[in-house]
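Below is one structure, written out as structure tokens; comments come after it.
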Amino acid sequence: MEITVQKTDNPKEKPDQGNLGFGTNFTDHMFIMDYSKDKGWHDARIVPYGPMKFDPAMATLHYGQAVFEGMKAYKSPDNRILLFRPEKNMERLNNTNDRMCIPRIDEEFCLEAIKKLVNIDKEWIPTAPGTSLYIRPFIIATDKYLGLKPSSTYKFMVILSPVGAYYPQGVNPVEIYVENEYVRAVPGGTGHVKTSGNYAASLKAQAEASARGYVQVLWLDGLERKYIEEVGSMNVFFKIDSELVTPALVGSILPGVTRDSTIELVKSWGIKVTERRVSIAEIFEEHKKGRLDEAFGTGTAAVISPIGELNWEGRSIKVNDGKTGRLAERIYQKLTGIQTGELEDDFGWTEKI
Ligand code: COI
């Protein structure tokens, strides 16, 4: 399929790289492609970024048949434009589509479309330390119909946003509230895919944790409220003695690309990494024994986010004296070094545009 390009006549001013925050600035162009039963995915186009018109009865607005991905582009010191394991995001998008009754995309074609869009807006890729161009592919259901059924029409879109740190704390450790009342996902639900409703459902717990002075929540399993699943919108890792432990992907946890990369990276350093069920009681017990060295979250937006404190049922523990741990720091340096092309990519993870 050909991708048509309509360039903007009115390029915007680029934001100050020292003050980007996350997801507030958008580039000059966006990608759109439509789906209908008779034509399949069609009419691939890059057009000026801007507001769109939708019918108030549009299915997504009512029943949340919407999915998304998050990935990043970087400009290397020698001016290469790099994506980080983008095929993983395309593969996960199709897994999400399958679960949400959305037609599959052609992964190779969509990656080509993303590359073309990033290339057109390449002047927007920030180069200050800790910055990148966040890529947000998403699909929405566009049928004008209030009955509940999978839509027969969709839009696949990609927008781009130059970003800095996701959390205002940057890579400094954050205080976490272990959520005992609300749950993020249950077995058989949608926790293992990237659908918008998962994020909407997490807001209440997040808001209550913020009101208590905590930055994020740690989610426990939906059946027993016993086993650790994720933290905020990230996967979570614990360094217990000489081993790195992360919850196994039991069906209600999102399989993060940064999670997978962290596991591979740390294993390559000769450190034991175990994916298994981890209870919150075990973490508190290991802390008591002085064996809980570090805890941190991993995600595309947040990269590595160290945990400085955990509060569970009114009991609070400090992890690594509230400081960023050595392993978290080492992973952050190596991962971002590979992503930005500043360090050797021994894993073949980066893809040049
Ligand atoms: C990401 O890490 O890319 C995500 O999609 C999480 C989102 C809440 C920013």
### Query
Quick one: putting +1 on the C-beta of Lys and Arg, -1 on the C-beta of Asp and Glu, what dipole do you get for the chain around its Cα centre, in Debye to the nearest 20?
300 debye
### Message
I'd like to know how the stretch 35-130 sits against the 2.2 N^0.38 Å rule of thumb: what's its Cα Rg over that expected value?
### Response
1.28
### Message
How tilted is helix 257-268 with respect to the longest principal axis of the chain? Cα atoms for both, answer in degrees (0 to 90, nearest 10).
### Response
50 degrees
### Message
What do you get for trypsin sites (Lys or Arg not before Pro) in the stretch 32-69 restricted to DSSP loop and a cutoff of at most 10 other Cβ within 10 Å of the site's Cβ?
### Response
Lys37, Lys39, Lys53
### Task
Before anything else, pin down the relative contact order of the chain: Cα pairs under 8 Å, at least 6 apart, normalised by residue count, whole percent.
19 percent
#### Entry: Added length on full extension, which subtracts the Cα-Cα distance from 0.36 nm per residue, Glu107 to Gln333
78.4 nm
### Ratio Rg/Rh, restricted to the stretch 74-113 and using Cα atoms, in which Rh is the Kirkwood radius
1.15
#### Entry: Accessible surface of Trp41 - all protein chains present, 1.4 Å probe, nearest 10 Å²
40 Å²
### Query
Which one of Leu327, Ile338, Gly70 has its Cα pushed farthest toward the positive end of the charge dipole of the chain, where Lys and Arg give +1 and Asp and Glu give -1 at the Cβ?
Gly70
### Asp260 accessible area, assembled protein chains, probe 1.4 Å, Å²
50 Å²
### Query
For the chain, what % of the accessible area comes from carbon and sulfur atoms, probe 1.4 Å?
49 percent
### Message
Per residue, how much accessible surface does the stretch 268-341 expose to a 1.4 Å probe? Answer in Å², no decimals.
### Response
44 Å²
### Theoretical gain in end-to-end length, Thr127 to His42 [0.36 nm per residue, Cα-Cα removed]
27.2 nm
### Task
Give the accessible area for Arg99 in Å² (nearest 10); use a 1.4 Å probe, count only protein heavy atoms, and leave out ligands, DNA and RNA.
100 Å²
### Task
Starting from one equal scatterer on each C-alpha and no solvent at all, send me the Debye-based log10 I(q)/I(0) for the chain at q = 0.07, 0.08, 0.11 Å⁻¹, two decimals.
-0.31, -0.40, -0.77
### Query
Any idea which of Ala201, Ala211, Gln169 is furthest toward the positive side of the dipole for the stretch 130-283, if Lys and Arg beta-carbons carry +1 and Asp and Glu beta-carbons -1?
Ala201
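The values are calculated or read from the model by the stated rules, or taken from the named source; none is laboratory data. Being a predicted model, the structure only gives us computed values, none of them experimental. Ideal geometry is used to build each Cβ from the backbone, glycine not excepted, and the neighbour counts take in all protein chains shown. All accessible areas refer to the heavy atoms of the entire protein, side chains included, with ligands and DNA or RNA removed. Shrake-Rupley method; radii C 1.70, N 1.55, O 1.52, S 1.80 Å.
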